[in-house]
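Trainee: Here it is: the structure, laid out below.
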Amino acid sequence: MSTAEHRLPDGPYDAVWASPGRVNLIGEHTDYNDGYVLPFALPHSTIVGARRLERPEWTVTSEQMGETVTFGPGEKVTGWAAYVAGVVWVLGEAGHDVPGAALTIASDVPFGAGLSSSAALECAAMAALLDLAGDDVPLPLRPRLAQRAENEYVGAPTGIMDQSASTLCRAGHALFLDCRSLATEQVPFDLSAQGLAVLVIDSKAPHAHVSGEYAARRRNCEEAAKILDVPALRDVEPDGLEAALARLDDPVMRRRVRHVVTEDQRVLDTVTALRAGDARAIGPLMTASHASMRDDYEITVPQVDTAVSAALAAGAYGARMTGGGFGGCVLALVDADRCAAAEAAVREAFAASGFTPPDAFVVTPAEGTRMVSR
Ligand code: GLA
């Protein structure tokens, strides 16, 4: 039983569902460019216990926030409960008859750390509400609905990666997702068999201007695709990258395009290495991805750059920021018996720079959306 399950107050509930947070092994800011991503699910999850109400009203209680929010059909909700209200809204839009419900939420997904606590909440709420409604929407169709809730109801212009990861990931695997066709492949990612581990370092950097910068990156990519006359930047082949860059006047736009095109290729190369059972080979790809996010996409901050450098200096095979950027977490691929040393090196580097001490934990790929028995 996870900590989140322990935290859920006793019911009675008619349905209890869990969805995890995620880290992205590689493929950042590629999802909204119709490209490739390779996330895996965290053992940390959000649990939603749902009880049917006989009136069209939703009451959402968050243990973490210590708050209850109530809303009726069509009502506009803001703050954390908007992720639940958005799901109620989008299910209605998609023609589902969502019964009124009292939802209780418990989570151990770190909040504001770029680990998709919001997608975990959306996906668990969706699973619980569909269960109450007696509707069986196939899992592969759910990420698009949850993304729509986030884009149109909450108003965040995110791609489809986080909701796909939270819904579709399988234990022991990374999810290779083509964000255009939505084709998936579960790529075995059992590091312990190779004596390796992924260390997650939460940089604790305060997220500033995240949503504005995210939207600006997305807009810039869409403008570039228009100028290059392709449906999306995914359609620029690595072979044609130099020619494409030569057609763009704006040096900032050129850097953004270079990141997206090279990052898509790094995802493909990572998948090839993992299929061949060579996890160490993905280290340099991770580190190159970080350099690209730092220099071309310009979404890193000193804390994450410091964490990456310190982990590499302590012997990590590769390290990179994961998620939308401007703070959040770093992943380091290390020998399993070097985790403590890598963590210590990062802590020391943070102390030397006067940064807030980071958090660090080792992760293994966990299961996506699942029913929790009570
Ligand atoms: C956030 C968004 C995702 C994706 C990543 C960057 O997590 O929610 O859709 O764009 O940033 O890869």
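Table: residues versus (1) part of a helix (DSSP H, G or I); (2) within 10 Å of the ligand (Cβ to nearest atom).
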{"site": "126", "(1), (2)": "yes, no"}
{"site": "130", "(1), (2)": "yes, no"}
{"site": "142", "(1), (2)": "yes, no"}
{"site": "162", "(1), (2)": "yes, yes"}
{"site": "166", "(1), (2)": "yes, no"}
{"site": "175", "(1), (2)": "no, no"}
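Trainee: Just to verify a result, which residue in the range 177-190, among those that are among the hydrophobic types (A, V, I, L, M, F, W, C) and either under 17 Å from residue 17 (Cα atoms) or not in a loop (DSSP other than H, G, I, E, B) (or both), is farthest from the chain's Cα centre (by Cα)? Before you say what the answer is, go through the steps one by one.
Mentor: If we filter the range 177-190 for residues that are among the hydrophobic types (A, V, I, L, M, F, W, C), which is where we start, we get 177, 179, 182-183, 187, 189.
Within this subset, residues satisfying the condition of being either under 17 Å from residue 17 (Cα atoms) or not in a loop (DSSP other than H, G, I, E, B) (or both) are 177, 187.
Working: 177: 13, 187: 17 Å.
It comes out as 187.
Trainee: Which condition from (1) closer than 17 Å to residue 197 by Cβ; (2) among the hydrophobic types (A, V, I, L, M, F, W, C); (3) assigned to a loop (DSSP other than H, G, I, E, B) is the one that residue 326 breaks?
Mentor: (1)
Trainee: Continuing with this model, one more query. Taking residue 337 and the conditions (1) in contact with a helix residue (DSSP H, G or I) (Cβ under 9 Å, 6 or more places away or on another chain); (2) surrounded by fewer than 16 Cβ atoms within 10 Å (Cβ to Cβ), which numbered condition does it fall short on, given that it satisfies the others?
Mentor: If we test residue 337 against (1) in contact with a helix residue (DSSP H, G or I) (Cβ under 9 Å, 6 or more places away or on another chain); (2) surrounded by fewer than 16 Cβ atoms within 10 Å (Cβ to Cβ), just (1) comes out false.
Trainee: Sort through 215, 149, 205, 156 and tell me the only one that's in a loop (DSSP other than H, G, I, E, B) and within 14 Å of the ligand (Cβ to nearest atom). Reasoning before the result, please.
Mentor: Working: 215 fails: in a loop (DSSP other than H, G, I, E, B); 149 fails: in a loop (DSSP other than H, G, I, E, B); 205 fails: within 14 Å of the ligand (Cβ to nearest atom).
Result: 156 is the single residue among 215, 149, 205, 156 that is in a loop (DSSP other than H, G, I, E, B) and within 14 Å of the ligand (Cβ to nearest atom).
Trainee: Let me ask something else. Looking only at the range 7-44, which residues are away from the ligand (no atom under 16 Å from the Cβ) and in contact with an Asp or Glu (Cβ under 9 Å, 6 or more places away or on another chain)? Full working, then the answer.
Mentor: First pass over the range 7-44, keeping only residues away from the ligand (no atom under 16 Å from the Cβ): 7-18, 43.
Of everything in the range 7-44, those that are away from the ligand (no atom under 16 Å from the Cβ) and in contact with an Asp or Glu (Cβ under 9 Å, 6 or more places away or on another chain) turn out to be 7, 8, 9, 14, 15, 16, 17, 18, 43.
Trainee: Another question about this same structure. Checking residue 123 against (1) of a type outside the set (Val, Ile, Thr); (2) farther than 27 Å from residue 206 by Cα; (3) buried (at least 24 other Cβ atoms within 10 Å of the Cβ): exactly one of these is not met. Which one?
Mentor: Result: residue 123 fails condition (2) only.
Trainee: Could you tell me which of the residues 30, 70, 78 is closer than 21 Å to residue 157 by Cα, without any contact (Cβ under 8 Å) to a residue 24 or more places away in the chain and of a type in the set (Val, Ile, Thr)?
Mentor: So the residue among 30, 70, 78 that is closer than 21 Å to residue 157 by Cα, without any contact (Cβ under 8 Å) to a residue 24 or more places away in the chain and of a type in the set (Val, Ile, Thr) is 78.
Trainee: Residue by residue through the range 335-359, note down the ones that are among the aromatic types (Phe, Trp, Tyr), in contact (Cβ under 8 Å) with a residue 60 or more places away in the chain and in a helix (DSSP H, G or I). Steps first, please.
Mentor: Here is the first cut: in the range 335-359, the residues among the aromatic types (Phe, Trp, Tyr) are 350, 355.
Okay, now just the ones that are also in contact (Cβ under 8 Å) with a residue 60 or more places away in the chain, so 355.
The answer is none; no residue qualifies.
All of the numbers you see were taken from the coordinates with simple rules; none came from a lab. Owing to the predicted nature of the structure, the values given are computational and were not obtained by experimental measurement. Note: ideal-geometry Cβ built from the backbone for every residue, glycine included; neighbour counts use all protein chains shown.
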